[in-house]
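For reference, the structure discussed in these notes is given below.
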Amino acid sequence: MAEVRRTVVVKLNVDDSDATLLHKTVEEYLWACNYVVRDAWQDDYKPTSKNTLHDRTYSDVREQTRLQANLVQSARNRAAEAIKGVVARWKKGKKASQPHFTTPSVRYDKRSATFHDDRVSLSTVNGRIEAEYILPPEGDNPQTKYLRNDEYEITGATLQYRDATDTFFLHIGTKPDVETKIPDEGDAENSTVLGVDLGIEQIAVTSTGMFWSGDYLNHRRREYERVRGDLQRTGTESAHRTIERMGDRETRWVEDYLHRISKAIVQEAVAHGCDRIAFEELTDIRNRMPSAKKFHAWAFRRLYDYVAYKAEAEGIDVTKVDPAYTSKRCSKCGTTLDENRQSQAKFCCQKCGYEVNADYNAAKNIGFRLLRTGQKSPHGGATRHLALKSGTLNVNGGYSPTDD
């Protein structure tokens, strides 16, 4: 039986001086991750062994950063996982580029962090800092169920910084320290997947028929580009300073907008009793979406990350699946033809005549892809189901309407 693990998201109370240390720690940690990757990329044969990467990079990283030894090892492990993922895609004949770490986060284990009931001690580039947890009142929430529960032990944590709110959060991993009971059959029957499609005109569409338009985001981005162009033509020092400030404002605004969408997606998953959310694999997304810009690829990655850590707080797993043919396959009869995708917005199956919004059809196919990779629920009980507008559908085509 698979061990039940849960991640609890906790906001940290950090004063200005400690926040500065954490920012510097994040900066040097990301540098270490990228250093290990760059070292591996010098070879035609990319090393994935943690021991090999340790021998090649440990001394250099220790000399060039102020990171404690355990954080250096953590950065090496994170880089090794990313390299291994790229090599795995190459072996399948798929494209993948050199990983580059930019998301402000640090992985801590029990050697680099000490966890208490109400606070945590974290290793930084200059000793340790202590940060108090900001916890909700005890009740029906993940913090009470897992963090405050003596039957769960902490396995480690990931520090995350959210620029939009200027706040540090700790994603604390927990697991039972006693044998977990097997969920009853009724729990297994409710195992459900939410499919999510990403796009330019529609930022996100779910298999339950929820749409988040990209019009506002794209319009604001074009406005920023227009103003930047005018300032660049001006060419003064003041204009360049204004461009830098605009870039910061734009990033904060976009991140806040994506946070709101991610929150709504997770709420949609909770409302439909989903225990998994399926996204399409984001690698090479600009090649698959000719109209996508570098900005869109960045926004999609951020949105995925935001959904992932918000979903963790609800005990929901977030997974990427191979997007091949999800835009051309009929989610009703399974026929896959280029002609099915008649336009950016319209899907019409040439075999069964099913007509539907193309992004909604793709969202269902993304969810189906996860169903087919594992027909059993995470609890090992019943068949997984795909969440739809008014019910669920299993991998064999069995439809169950939503109870009134």
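Read-outs: derived from the displayed coordinates by stated rules, not from any lab. Computed from a predicted structure; not experimentally measured. All Cβ positions, glycine included, derive from the backbone under ideal geometry; neighbour counts span all protein chains shown.
Couple of notes before you dig in:
- Positive minus negative residues near Tyr58 (Lys, Arg vs Asp, Glu; Cβ under 12 Å): 0
- With R₀ fixed at 22 Å, the C-beta to C-beta distance from Glu138 to Arg5 puts the FRET efficiency at about 0.50.
- Judged by the mean number of other Cβ atoms found within 10 Å, the most tightly packed of the peptides 127-139, 145-157, 304-316, 90-102 leads the ranking 304-316, 145-157, 127-139, 90-102.
- In plain terms, the bigger the Kirkwood radius, the slower the diffusion; for segment 6-176, with that radius from Cα pairs, at 25 °C and 0.890 mPa s, Stokes-Einstein puts D at 143 µm²/s.
- Note on Glu81 and Ser97: the extension gain reaches 4.4 nm, defined as 0.36 nm multiplied by sequence separation minus the Cα-Cα distance.
- Estimated distance in nm for a label pair at Tyr354 and Arg111, the labels positioned 7 Å out from Cα along Cα-to-Cβ: 5.2 nm
- Listed by chain and number, the lysines whose alpha-carbon sits under 26 Å from that of Lys346, ignoring those within fewer than 8 places in the same chain, are Lys293, Lys294, Lys320, Lys328, Lys332, Lys364, Lys389.
- Taking all Cα pairs closer than 8 Å and separated by 6 or more residues, the relative contact order of segment 6-176 comes to 33 percent.
- Computed from phi, the 3J(HN,Hα) profile of segment 363-368 under the Karplus parametrisation 6.51, -1.76, 1.60 (θ = phi - 60°) reads 4, 5, 5, 5, x, 4 Hz, with x in place of Gly and Pro.
- Between amide H atoms placed 1.01 Å from N, distances below 5 Å from Glu153 occur with Lys175, Asp177, all of them 5 or more places distant or on a separate chain.
- Label-point separation in nm, Glu201 to Ala324, each point 7 Å along Cα→Cβ: 2.7 nm
- Averaged over residues, the count of other Cβ atoms within 10 Å places the peptides 111-123, 13-25 in the sequence 111-123, 13-25, highest first.
- In this simple spin-label model, placing a label point 7 Å from the Cα along the Cα-to-Cβ direction at both Ser17 and Ala345 gives a separation of 5.8 nm.
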